[in-house]
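K.L.:
Pasting in a structure now, in structure tokens, and then I'll have a few things to ask.
Derivation of every value follows stated rules applied to the coordinates shown; laboratory data play no part. Since the structure is predicted, the reported quantities are computational estimates derived from the model, not experimental observations. Virtual Cβ from ideal backbone geometry, glycine too; neighbours counted across all protein chains shown.
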Amino acid sequence: MIFFNKIQSKRVVFLVFITAILVVLNLTGPVMGEPLAQQPTGELPTVTSTPRGPYVVVNPITATETQINVRAGPSALTEKVGVLLIHQEANAIGRYGDWIQIEYPGAPGGKAWVFANYVTIYGGQIPLVEPPPTSTPNVTKTVDPTLAAQFLITPDATRLPTFTEPPPLEIPTFEPAGETSALGGLPMGLIIVGLGALGVFLGVIALISGR
């Protein structure tokens with residue numbers, strides 16, 4: 001037990017000695033100072049900018065529409081060459097009617113057109129320009145004769161029946177009504193009254209005989 005304590009004490013003394021040597025070496029090492037900033041001796045060039053000129057910014061249209069169409073000419077019937085997003089900017093070149101010509105790298109010649117109501121103009125007035133000489137129509141109306149023929153219905157010619165004149169209308173004629181006579185030239189009314197009276201008489205006789 002005493003031997004083990006002596007070994008532990010030697011280890012502690014050795015570690016303290018090594019730690020003291022490391023501390024002394026750090027304190028006596030070379031000191032590195034921070035480099036001092038050097039002030040420039042020359043003059044900085046002045047940056048000058050030229051005016052941008054007129055440009056357009058796409059207006060918010062509706063909550064569901066986030067872009068507008070860019071067309072090859074100043075008409076809604078011309079070819080669509082691209083789109084501009086809401087709040088996107090583009091340099092304006094000219095104006096024709098309700099359409100603005102802008103710089104658009106994706107279009108032929110780097111120019112295209114947007115509808116003026118969909119954008120806001122900034123940076124000054126836009127000069128008037130002539131429309132392009134030819135514009136590509138968005139839709140070419142062509143009719144396929146073969147397809148159209150399928151929807152044409154030709155009615156079959158039917159001959160109307162031959163008209164036959166109806167026979168002449170015969171209007172019956174009536175003789176004037178006179179007194180109807182029966183037996184022996186007696187009036188029919190008198191015969192009916194007589195038969196009625198005879199029937200009453202026979203009925204009275206039958207009633208008396210039954211009593």
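K.L.:
Quickly rank 110-116, 125-131 as a protection proxy: mean count of other C-beta atoms within 10 Å, highest first.
P.N.:
110-116, 125-131
K.L.:
Now for a separate question. Could you compute the net charge surrounding residue 107? Neighbours are other residues with a C-beta less than 11 Å from the C-beta of residue 107; K and R count +1, D and E count -1.
P.N.:
Taking every Cβ under 11 Å from that of residue 107, the sum is +1.
K.L.:
Let me check against my output: what whole-number percent is the relative contact order of the range 55-122, with C-alpha pairs under 8 Å and at least 6 apart?
P.N.:
Computed over the range 55-122, the figure is 38 percent.
K.L.:
Where nothing but the Cβ of Lys and Arg (+1) and of Asp and Glu (-1) is charged, how large is the charge dipole of the range 55-122 around its Cα centre, in debye to the nearest 20?
P.N.:
Dipole of the range 55-122, to the nearest 20 debye: 120 debye.
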